[in-house]
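Note sheet for the following structure.
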Amino acid sequence: MRILFVTKEYLPKPTPPGLCIMNVQEALLNRGVQSDVLMVGDEEGLYSTNKNGEVYSIKSDVSFEKQKVFFPRYLIRHLLMLFTWPVPSTKRVKDYRRMITKLNKEKEYDAIIGTLFPADVCLSCSVFDHFFIYEFDSLVNNPVYKVGIKKHLKFRLKAVEKRLYDRAELIIHLNNNKEFYNKDKYKKYVRKSVYTDIPYITNKSVCANSENIEVVLGEISNSSVVIVYAGLLSRDYRSPSKLIELVKDLSKYIDVKCLFFSRGDCEEELRKAETDTNGVIKRMGYVPQAILRKYMDRADFFLDIGNHLSGEDYSLPSKVIEYIATGKPIIHMNGVNDSAINYLEKYGNAINVSEDISADDARKEVLKFIKEAKGRRIPFENVVEKFPQNTPEYTADLIIKQIERRRSNTGQ
(Lines give C-alpha, C1' and ligand atoms only; values in the text may rest on other atoms or scores of the structure.)
Protein backbone atom coordinates (compact mmCIF):
# COMPACT_ATOMS: atom_id res chain seq x y z
CA MET A 1 0.00 0.00 0.00
CA ARG A 2 1.38 3.44 -0.98
CA ILE A 3 -0.25 6.87 -0.94
CA LEU A 4 0.41 10.25 -2.56
CA PHE A 5 -0.52 13.48 -0.76
CA VAL A 6 -0.79 16.56 -2.97
CA THR A 7 -0.66 19.98 -1.34
CA LYS A 8 0.69 23.48 -1.93
CA GLU A 9 3.15 24.17 0.91
CA TYR A 10 4.96 21.35 2.69
CA LEU A 11 8.70 22.14 2.97
CA PRO A 12 10.70 24.04 4.14
CA LYS A 13 8.01 26.03 6.02
CA PRO A 14 4.78 24.02 6.07
CA THR A 15 1.41 25.67 6.59
CA PRO A 16 -1.16 23.84 8.79
CA PRO A 17 -2.26 21.44 5.99
CA GLY A 18 1.38 20.47 5.48
CA LEU A 19 1.84 19.85 9.21
CA CYS A 20 -1.32 17.74 9.30
CA ILE A 21 -0.01 15.66 6.40
CA MET A 22 3.32 15.13 8.18
CA ASN A 23 1.56 13.85 11.28
CA VAL A 24 -0.74 11.52 9.32
CA GLN A 25 2.25 10.23 7.34
CA GLU A 26 3.97 9.12 10.54
CA ALA A 27 0.82 7.37 11.70
CA LEU A 28 0.53 5.64 8.32
CA LEU A 29 4.16 4.52 8.49
CA ASN A 30 3.54 3.02 11.93
CA ARG A 31 0.90 0.89 10.20
CA GLY A 32 3.31 -0.14 7.46
CA VAL A 33 2.14 2.33 4.80
CA GLN A 34 4.59 4.62 3.02
CA SER A 35 3.43 7.88 1.52
CA ASP A 36 4.88 10.48 -0.82
CA VAL A 37 4.13 14.20 -1.10
CA LEU A 38 3.86 16.50 -4.11
CA MET A 39 4.14 20.22 -3.37
CA VAL A 40 5.01 23.54 -5.01
CA GLY A 41 8.72 24.39 -4.85
CA ASP A 42 11.49 26.31 -6.57
CA GLU A 43 12.46 23.42 -8.83
CA GLU A 44 10.70 20.41 -10.37
CA GLY A 45 11.51 16.84 -9.38
CA LEU A 46 12.62 14.98 -6.27
CA TYR A 47 12.94 17.44 -3.37
CA SER A 48 13.93 15.11 -0.53
CA THR A 49 13.59 11.61 0.87
CA ASN A 50 12.67 10.65 4.42
CA LYS A 51 11.44 7.62 6.35
CA ASN A 52 7.81 8.26 5.35
CA GLY A 53 8.54 8.33 1.61
CA GLU A 54 9.64 10.86 -0.98
CA VAL A 55 8.84 14.54 -1.43
CA TYR A 56 8.48 15.88 -4.97
CA SER A 57 7.85 19.40 -6.18
CA ILE A 58 6.58 21.21 -9.21
CA LYS A 59 8.19 24.54 -10.02
CA SER A 60 6.10 27.44 -8.83
CA ASP A 61 4.79 29.76 -11.49
CA VAL A 62 5.18 33.50 -10.97
CA SER A 63 4.76 34.42 -7.31
CA PHE A 64 2.49 37.40 -6.68
CA GLU A 65 4.55 38.57 -3.72
CA LYS A 66 7.93 38.32 -5.46
CA GLN A 67 6.73 39.94 -8.66
CA LYS A 68 4.88 42.97 -7.30
CA VAL A 69 7.78 45.11 -8.44
CA PHE A 70 6.77 44.33 -12.04
CA PHE A 71 3.44 46.08 -11.66
CA PRO A 72 2.00 45.58 -15.19
CA ARG A 73 2.75 41.86 -15.06
CA TYR A 74 1.30 41.63 -11.57
CA LEU A 75 -1.86 43.51 -12.60
CA ILE A 76 -2.37 41.37 -15.72
CA ARG A 77 -2.04 38.21 -13.64
CA HIS A 78 -4.74 39.40 -11.24
CA LEU A 79 -7.06 40.38 -14.08
CA LEU A 80 -6.67 36.94 -15.65
CA MET A 81 -7.57 35.37 -12.30
CA LEU A 82 -11.01 36.96 -12.54
CA PHE A 83 -11.75 34.41 -15.27
CA THR A 84 -10.25 31.35 -13.52
CA TRP A 85 -11.09 32.00 -9.83
CA PRO A 86 -11.26 30.05 -7.48
CA VAL A 87 -8.44 28.33 -9.36
CA PRO A 88 -5.43 30.63 -8.84
CA SER A 89 -3.37 29.09 -11.64
CA THR A 90 -4.45 26.86 -14.52
CA LYS A 91 -0.78 26.35 -15.36
CA ARG A 92 -0.21 24.93 -11.91
CA VAL A 93 -3.07 22.46 -12.43
CA LYS A 94 -1.31 21.19 -15.57
CA ASP A 95 2.03 20.99 -13.77
CA TYR A 96 0.53 19.03 -10.87
CA ARG A 97 -1.18 16.61 -13.27
CA ARG A 98 1.94 16.03 -15.31
CA MET A 99 3.92 15.11 -12.19
CA ILE A 100 1.12 13.01 -10.69
CA THR A 101 0.83 11.07 -13.95
CA LYS A 102 4.55 10.34 -13.91
CA LEU A 103 4.64 9.29 -10.25
CA ASN A 104 1.45 7.24 -10.44
CA LYS A 105 2.79 5.31 -13.44
CA GLU A 106 5.90 4.41 -11.45
CA LYS A 107 4.27 3.63 -8.09
CA GLU A 108 0.60 2.85 -8.75
CA TYR A 109 -0.74 4.70 -5.73
CA ASP A 110 -3.61 3.22 -3.75
CA ALA A 111 -4.86 6.74 -3.02
CA ILE A 112 -4.10 10.20 -4.39
CA ILE A 113 -5.12 12.63 -1.66
CA GLY A 114 -5.60 16.31 -2.51
CA THR A 115 -5.94 19.02 0.12
CA LEU A 116 -8.47 21.85 0.14
CA PHE A 117 -7.88 24.73 -0.35
CA PRO A 118 -6.70 26.25 -2.76
CA ALA A 119 -8.95 24.57 -5.28
CA ASP A 120 -6.27 23.88 -7.88
CA VAL A 121 -4.72 21.10 -5.77
CA CYS A 122 -7.84 18.91 -5.73
CA LEU A 123 -8.77 19.80 -9.30
CA SER A 124 -5.37 18.49 -10.32
CA CYS A 125 -5.99 15.20 -8.53
CA SER A 126 -9.62 14.76 -9.56
CA VAL A 127 -8.88 13.20 -12.97
CA PHE A 128 -7.11 10.22 -11.38
CA ASP A 129 -8.57 7.01 -9.95
CA HIS A 130 -8.66 6.61 -6.17
CA PHE A 131 -8.90 10.39 -5.62
CA PHE A 132 -9.50 11.35 -1.98
CA ILE A 133 -10.27 14.87 -0.71
CA TYR A 134 -8.66 15.91 2.58
CA GLU A 135 -10.78 18.98 3.32
CA PHE A 136 -9.02 21.22 5.81
CA ASP A 137 -11.09 24.18 4.63
CA SER A 138 -14.47 24.15 2.94
CA LEU A 139 -14.64 25.84 -0.45
CA VAL A 140 -18.22 27.04 -0.06
CA ASN A 141 -18.27 27.70 3.70
CA ASN A 142 -15.07 29.71 4.04
CA PRO A 143 -14.45 33.16 5.61
CA VAL A 144 -11.70 33.97 3.10
CA TYR A 145 -14.26 33.77 0.30
CA LYS A 146 -16.91 35.91 2.00
CA VAL A 147 -15.31 39.32 1.48
CA GLY A 148 -14.81 41.62 -1.50
CA ILE A 149 -15.67 40.48 -5.00
CA LYS A 150 -15.33 36.83 -3.99
CA LYS A 151 -18.59 36.86 -2.07
CA HIS A 152 -20.40 37.53 -5.35
CA LEU A 153 -18.83 34.50 -7.05
CA LYS A 154 -20.23 31.81 -4.77
CA PHE A 155 -21.78 30.03 -7.77
CA ARG A 156 -18.26 29.25 -9.00
CA LEU A 157 -17.32 27.74 -5.65
CA LYS A 158 -20.41 25.55 -5.70
CA ALA A 159 -19.65 24.35 -9.23
CA VAL A 160 -16.07 23.43 -8.36
CA GLU A 161 -17.15 21.72 -5.13
CA LYS A 162 -19.73 19.62 -6.97
CA ARG A 163 -17.19 18.58 -9.57
CA LEU A 164 -14.73 17.50 -6.89
CA TYR A 165 -17.30 15.69 -4.74
CA ASP A 166 -18.68 13.81 -7.74
CA ARG A 167 -15.21 12.56 -8.65
CA ALA A 168 -13.92 11.76 -5.15
CA GLU A 169 -13.82 8.22 -3.82
CA LEU A 170 -13.54 9.51 -0.24
CA ILE A 171 -14.20 12.95 1.27
CA ILE A 172 -12.47 13.55 4.60
CA HIS A 173 -14.24 16.46 6.30
CA LEU A 174 -13.27 18.13 9.57
CA ASN A 175 -15.73 18.03 12.45
CA ASN A 176 -16.22 21.81 12.50
CA ASN A 177 -17.97 21.52 9.11
CA LYS A 178 -20.16 18.56 10.10
CA GLU A 179 -23.33 20.57 10.61
CA PHE A 180 -22.88 22.36 7.29
CA TYR A 181 -22.39 19.14 5.31
CA ASN A 182 -25.26 17.33 7.02
CA LYS A 183 -27.70 19.36 4.92
CA ASP A 184 -30.09 17.59 2.55
CA LYS A 185 -28.27 18.81 -0.57
CA TYR A 186 -25.16 16.89 0.49
CA LYS A 187 -26.94 13.62 1.31
CA LYS A 188 -25.93 12.09 -2.02
CA TYR A 189 -22.32 12.21 -0.82
CA VAL A 190 -22.93 10.67 2.59
CA ARG A 191 -21.59 7.22 1.60
CA LYS A 192 -18.25 8.67 0.60
CA SER A 193 -17.97 11.18 3.48
CA VAL A 194 -16.15 10.64 6.77
CA TYR A 195 -15.32 13.06 9.58
CA THR A 196 -12.13 13.54 11.51
CA ASP A 197 -10.38 16.34 13.38
CA ILE A 198 -7.12 18.28 13.19
CA PRO A 199 -4.38 15.63 13.77
CA TYR A 200 -2.16 17.64 16.10
CA ILE A 201 -2.26 15.49 19.24
CA THR A 202 1.21 14.01 18.97
CA ASN A 203 4.17 13.42 21.27
CA LYS A 204 6.15 15.85 19.11
CA SER A 205 4.32 18.65 20.87
CA VAL A 206 5.74 17.63 24.24
CA CYS A 207 9.37 18.79 24.33
CA ALA A 208 11.71 17.48 26.99
CA ASN A 209 13.97 20.51 27.48
CA SER A 210 14.99 23.85 26.03
CA GLU A 211 18.75 23.55 25.66
CA ASN A 212 20.36 25.58 22.85
CA ILE A 213 17.34 27.88 22.77
CA GLU A 214 17.42 30.92 20.47
CA VAL A 215 19.00 34.19 21.60
CA VAL A 216 15.67 35.87 22.36
CA LEU A 217 14.91 33.47 25.19
CA GLY A 218 18.33 34.15 26.65
CA GLU A 219 17.09 37.69 27.28
CA ILE A 220 14.15 36.46 29.36
CA SER A 221 14.61 36.01 33.08
CA ASN A 222 13.54 32.77 34.76
CA SER A 223 10.96 34.73 36.72
CA SER A 224 9.22 36.06 33.60
CA VAL A 225 5.85 34.68 32.56
CA VAL A 226 6.42 33.68 28.95
CA ILE A 227 3.33 33.70 26.75
CA VAL A 228 3.39 32.49 23.12
CA TYR A 229 0.99 33.11 20.25
CA ALA A 230 1.51 31.06 17.08
CA GLY A 231 -0.59 31.24 13.92
CA LEU A 232 -2.28 33.42 11.36
CA LEU A 233 -3.59 36.90 12.19
CA SER A 234 -6.27 38.64 10.15
CA ARG A 235 -7.89 42.05 10.48
CA ASP A 236 -11.11 40.54 9.14
CA TYR A 237 -11.62 37.57 11.46
CA ARG A 238 -8.66 37.14 13.86
CA SER A 239 -7.48 40.55 14.96
CA PRO A 240 -4.89 40.85 17.76
CA SER A 241 -6.03 44.32 18.91
CA LYS A 242 -7.78 43.29 22.14
CA LEU A 243 -5.07 40.77 22.92
CA ILE A 244 -2.39 43.43 22.58
CA GLU A 245 -4.26 45.71 24.98
CA LEU A 246 -4.65 42.83 27.45
CA VAL A 247 -0.92 42.07 27.40
CA LYS A 248 -0.10 45.77 27.88
CA ASP A 249 -2.40 45.79 30.89
CA LEU A 250 -0.93 42.59 32.33
CA SER A 251 2.60 43.97 32.05
CA LYS A 252 1.72 46.64 34.61
CA TYR A 253 1.18 43.94 37.24
CA ILE A 254 3.50 41.04 36.36
CA ASP A 255 6.82 40.43 34.59
CA VAL A 256 5.53 39.11 31.28
CA LYS A 257 7.01 38.47 27.84
CA CYS A 258 4.62 37.83 24.94
CA LEU A 259 6.05 36.35 21.73
CA PHE A 260 4.04 36.43 18.50
CA PHE A 261 5.01 33.82 15.87
CA SER A 262 2.60 34.98 13.22
CA ARG A 263 1.89 35.89 9.64
CA GLY A 264 -0.96 37.74 7.96
CA ASP A 265 -1.98 41.37 7.57
CA CYS A 266 -1.47 42.49 11.20
CA GLU A 267 2.32 42.53 11.35
CA GLU A 268 2.53 46.32 11.31
CA GLU A 269 0.20 46.47 14.32
CA LEU A 270 2.49 44.03 16.13
CA ARG A 271 5.55 46.05 15.17
CA LYS A 272 3.99 49.15 16.76
CA ALA A 273 3.01 47.15 19.86
CA GLU A 274 6.62 45.94 20.20
CA THR A 275 7.83 49.55 20.21
CA ASP A 276 5.08 50.80 22.53
CA THR A 277 5.76 48.07 25.12
CA ASN A 278 9.54 48.26 24.88
CA GLY A 279 9.72 44.60 23.89
CA VAL A 280 7.14 43.13 26.28
CA ILE A 281 5.35 42.16 23.09
CA LYS A 282 7.83 40.80 20.58
CA ARG A 283 7.17 40.11 16.91
CA MET A 284 8.96 36.87 15.99
CA GLY A 285 7.68 36.26 12.46
CA TYR A 286 6.86 32.94 10.84
CA VAL A 287 9.55 30.38 11.71
CA PRO A 288 10.19 26.67 11.02
CA GLN A 289 8.43 24.20 13.31
CA ALA A 290 11.67 22.96 14.89
CA ILE A 291 12.42 26.48 16.14
CA LEU A 292 8.84 27.19 17.18
CA ARG A 293 8.72 24.06 19.33
CA LYS A 294 11.70 25.28 21.36
CA TYR A 295 9.84 28.44 22.24
CA MET A 296 6.65 26.50 22.93
CA ASP A 297 8.60 24.38 25.39
CA ARG A 298 9.75 27.48 27.28
CA ALA A 299 6.26 29.02 27.25
CA ASP A 300 4.32 29.12 30.49
CA PHE A 301 1.06 29.94 28.69
CA PHE A 302 -0.29 30.01 25.16
CA LEU A 303 -2.43 32.78 23.71
CA ASP A 304 -5.25 32.15 21.32
CA ILE A 305 -7.67 34.39 19.44
CA GLY A 306 -11.10 33.06 18.58
CA ASN A 307 -12.27 33.50 15.01
CA HIS A 308 -14.91 36.15 14.33
CA LEU A 309 -17.08 34.37 11.78
CA SER A 310 -20.60 34.66 10.43
CA GLY A 311 -23.36 32.42 9.16
CA GLU A 312 -22.58 28.71 9.30
CA ASP A 313 -18.82 29.03 9.44
CA TYR A 314 -17.26 27.43 12.53
CA SER A 315 -13.66 27.03 11.36
CA LEU A 316 -11.23 25.97 14.07
CA PRO A 317 -7.66 27.37 14.24
CA SER A 318 -5.32 24.37 14.12
CA LYS A 319 -2.96 25.89 16.69
CA VAL A 320 -5.62 25.38 19.38
CA ILE A 321 -5.11 21.63 19.06
CA GLU A 322 -1.33 21.95 19.04
CA TYR A 323 -1.55 23.98 22.24
CA ILE A 324 -3.80 21.35 23.81
CA ALA A 325 -1.31 18.60 22.91
CA THR A 326 1.31 20.19 25.15
CA GLY A 327 -0.92 19.99 28.23
CA LYS A 328 -0.02 23.59 29.11
CA PRO A 329 -2.46 26.35 30.14
CA ILE A 330 -4.12 28.45 27.42
CA ILE A 331 -5.52 32.00 27.48
CA HIS A 332 -8.24 32.27 24.83
CA MET A 333 -9.96 35.45 23.66
CA ASN A 334 -13.47 34.43 22.62
CA GLY A 335 -14.67 35.14 19.11
CA VAL A 336 -17.97 34.74 17.23
CA ASN A 337 -19.01 31.28 15.97
CA ASP A 338 -15.99 30.23 18.00
CA SER A 339 -15.53 26.44 17.87
CA ALA A 340 -12.44 26.61 20.08
CA ILE A 341 -14.49 27.39 23.21
CA ASN A 342 -15.95 23.89 23.46
CA TYR A 343 -12.55 22.26 22.91
CA LEU A 344 -10.94 24.38 25.62
CA GLU A 345 -13.74 23.76 28.11
CA LYS A 346 -13.30 20.03 27.53
CA TYR A 347 -9.53 20.42 27.86
CA GLY A 348 -9.85 21.87 31.36
CA ASN A 349 -6.61 23.88 31.48
CA ALA A 350 -7.71 27.10 29.80
CA ILE A 351 -9.55 30.34 30.37
CA ASN A 352 -12.06 31.63 27.84
CA VAL A 353 -12.15 35.43 28.06
CA SER A 354 -15.57 36.73 27.02
CA GLU A 355 -15.87 39.68 24.65
CA ASP A 356 -18.69 41.03 26.79
CA ILE A 357 -16.60 41.87 29.87
CA SER A 358 -14.64 45.08 30.43
CA ALA A 359 -10.89 45.31 29.87
CA ASP A 360 -10.44 45.70 33.63
CA ASP A 361 -12.40 42.52 34.39
CA ALA A 362 -10.56 40.64 31.64
CA ARG A 363 -7.23 41.60 33.16
CA LYS A 364 -8.35 40.51 36.65
CA GLU A 365 -9.60 37.13 35.37
CA VAL A 366 -6.43 36.45 33.42
CA LEU A 367 -4.15 37.49 36.30
CA LYS A 368 -6.03 35.09 38.58
CA PHE A 369 -5.72 32.30 36.00
CA ILE A 370 -1.97 32.93 35.56
CA LYS A 371 -1.45 32.73 39.32
CA GLU A 372 -3.41 29.47 39.61
CA ALA A 373 -2.36 27.71 36.41
CA LYS A 374 1.34 28.50 35.97
CA GLY A 375 3.22 25.20 35.91
CA ARG A 376 0.05 23.11 35.64
CA ARG A 377 0.23 20.51 32.87
CA ILE A 378 -2.22 17.81 31.78
CA PRO A 379 -0.49 14.46 31.08
CA PHE A 380 -0.31 13.56 27.39
CA GLU A 381 -2.21 10.29 27.85
CA ASN A 382 -5.11 12.22 29.40
CA VAL A 383 -5.17 14.59 26.42
CA VAL A 384 -5.30 11.63 24.01
CA GLU A 385 -8.17 10.13 25.99
CA LYS A 386 -10.14 13.38 25.74
CA PHE A 387 -9.44 14.03 22.05
CA PRO A 388 -9.04 10.68 20.21
CA GLN A 389 -10.09 12.11 16.82
CA ASN A 390 -7.29 14.66 17.03
CA THR A 391 -4.64 11.95 16.92
CA PRO A 392 -3.05 11.32 13.48
CA GLU A 393 -3.82 7.62 13.93
CA TYR A 394 -7.55 8.30 13.67
CA THR A 395 -7.23 9.91 10.22
CA ALA A 396 -4.68 7.35 9.05
CA ASP A 397 -7.14 4.57 9.90
CA LEU A 398 -9.90 6.24 7.85
CA ILE A 399 -7.62 6.27 4.81
CA ILE A 400 -6.47 2.68 5.24
CA LYS A 401 -10.01 1.38 5.83
CA GLN A 402 -11.24 2.93 2.57
CA ILE A 403 -8.41 1.33 0.60
CA GLU A 404 -9.07 -2.04 2.25
CA ARG A 405 -12.81 -1.69 1.58
CA ARG A 406 -12.15 -1.04 -2.10
CA ARG A 407 -9.78 -3.98 -2.33
CA SER A 408 -12.33 -6.23 -0.69
CA ASN A 409 -15.09 -5.08 -3.07
CA THR A 410 -12.95 -5.53 -6.18
CA GLY A 411 -11.31 -8.78 -5.05
CA GLN A 412 -7.79 -7.31 -5.19
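Taking θ as phi - 60°, what are the ³J(HN,Hα) couplings along segment 324-338 by the Karplus curve (6.51, -1.76, 1.60), each to the nearest whole Hz, with x for Gly and Pro?
So the Karplus estimates, Gly and Pro as x, are 4, 4, 6, x, 7, x, 10, 9, 10, 8, 4, x, 10, 6, 8 Hz.
Does anything in segment 370-390 have its amide N under 20 Å from the 7 Å Cα→Cβ label point of D255, and if so which residues?
370-376
Counting C-alpha atoms alone, how compact is segment 311-367: give Rg to one decimal and Dmax as a whole number, in angstrom.
11.9, 34
Set Lys and Arg Cβ to +1 and Asp and Glu Cβ to -1, take the dipole of the chain about its Cα centre, and tell me which of N104, A273, Y237 lies farthest positive.
The listed residue farthest towards the positive side: N104.
Please name whichever of A299, I331, I403 sits farthest to the positive end of the charge dipole of the chain, dipole taken about the Cα centre and charges placed at Cβ: Lys and Arg +1, Asp and Glu -1.
Projecting each Cα onto the dipole axis, the largest value belongs to I403.
Taking the Cα centre of segment 215-331 as origin, work out the dipole magnitude from +1 charges on Lys and Arg Cβ and -1 charges on Asp and Glu Cβ, in debye rounded to 20.
Charge dipole, segment 215-331, about its Cα centre: 320 debye, nearest 20.
About the Cα centre, and with charges only on the beta carbon of Lys, Arg (+1) and Asp, Glu (-1), how big is the dipole of segment 305-395? Nearest 20 debye, please.
580 debye
From the phi angles alone, apply the Karplus equation (6.51, -1.76, 1.60; θ = phi - 60°) to segment 274-285 and give each ³J(HN,Hα) in whole Hz, x where the residue is Gly or Pro.
4, 5, 4, 9, 6, x, 4, 9, 10, 8, 9, x
Can you give me the distance in nm between label points at L46 and R376, each placed 7 Å from the Cα along the Cα-to-Cβ direction?
Result for the modelled spin labels: 5.2 nm.
Quick check: from the Cα gyration tensor, does segment 10-58 come out rounded (a/c under 1.5), prolate or oblate?
Since a/c reaches 1.5 but b/c is at least a/b, the shape of segment 10-58 is classed as oblate.
In what sequence, largest accessible area first, do D276, D304 appear using a 1.4 Å probe?
Sorted descending by solvent-accessible area, the residues read D276, D304.
Measuring from label point to label point, each 7 Å out along Cα→Cβ, what is the V144 to R235 span in nm?
1.9 nm
Roll a 1.4 Å probe over the protein heavy atoms and report the accessible area of V160 in Å², nearest 10.
My reading of the accessible area for V160 is about 20 Å².
What does the charge count around P240 come to, taking other residues whose C-beta lies under 15 Å from its C-beta (Lys +1, Arg +1, Asp -1, Glu -1)?
Net of charged neighbours comes to -1.
What is the magnitude of the charge dipole of the chain about its Cα centre, with +1 placed on the Cβ of each Lys and Arg, -1 on the Cβ of each Asp and Glu, and no other charges, expressed in debye to the nearest 20?
1220 debye
Tell me, what is the per residue accessible area of segment 251-410 in Å², probe radius 1.4 Å?
Counting only protein heavy atoms, the per-residue value for segment 251-410 is 44 Å².
At 1.4 Å probe size, put T326, T275 in order of accessible surface, largest to smallest.
Ranked list, largest accessible area first: T275, T326.
Looking at the P(r) of segment 233-283, how many percent of alpha-carbon pairs lie beyond 19 Å?
More than 19 Å apart: 19 percent of the Cα pairs in segment 233-283.
Between A290 and K185, what is the spin-label point distance in nm, taking each point 7 Å from the Cα along the Cα→C-beta axis?
The two pseudo-label positions are separated by 4.7 nm.
In segment 231-296, carbon and sulfur make up what percent of the accessible area (probe 1.4 Å)?
49 percent
Once you treat every alpha carbon in segment 281-379 as an equal point and sum by Debye, what is log10 I(q)/I(0) at q = 0.19 Å⁻¹?
Rounded to two decimals, the profile gives -1.02.
Compute the angle between helix 154-167 and the longest alpha-carbon principal axis of the chain, please, reported from 0 to 90 degrees and rounded to the nearest 10.
60 degrees
³J(HN,Hα) across segment 303-319 via Karplus (A = 6.51, B = -1.76, C = 1.60, θ = phi - 60°), whole Hz, x for Gly/Pro?
Once rounded to whole Hz, the list reads 9, 9, 10, x, 5, 9, 10, 9, x, 9, 8, 10, 4, 10, x, 5, 4.
Considering only DSSP beta bridges whose two residues both sit in the chain, what percent are antiparallel, to the nearest 5?
If we restrict to bridges inside the chain, about 10 percent are antiparallel.
The values are calculated or read from the model by the stated rules, or taken from the named source; none is laboratory data. Not measured: the values here are computed from a predicted model. As a convention, Cβ positions derive from the backbone with ideal geometry for all residues, glycine included, and neighbour counts pool all protein chains shown. Remember, those area values only see protein heavy atoms, side chains included, never the ligands or the DNA or RNA. Shrake-Rupley method; radii C 1.70, N 1.55, O 1.52, S 1.80 Å.
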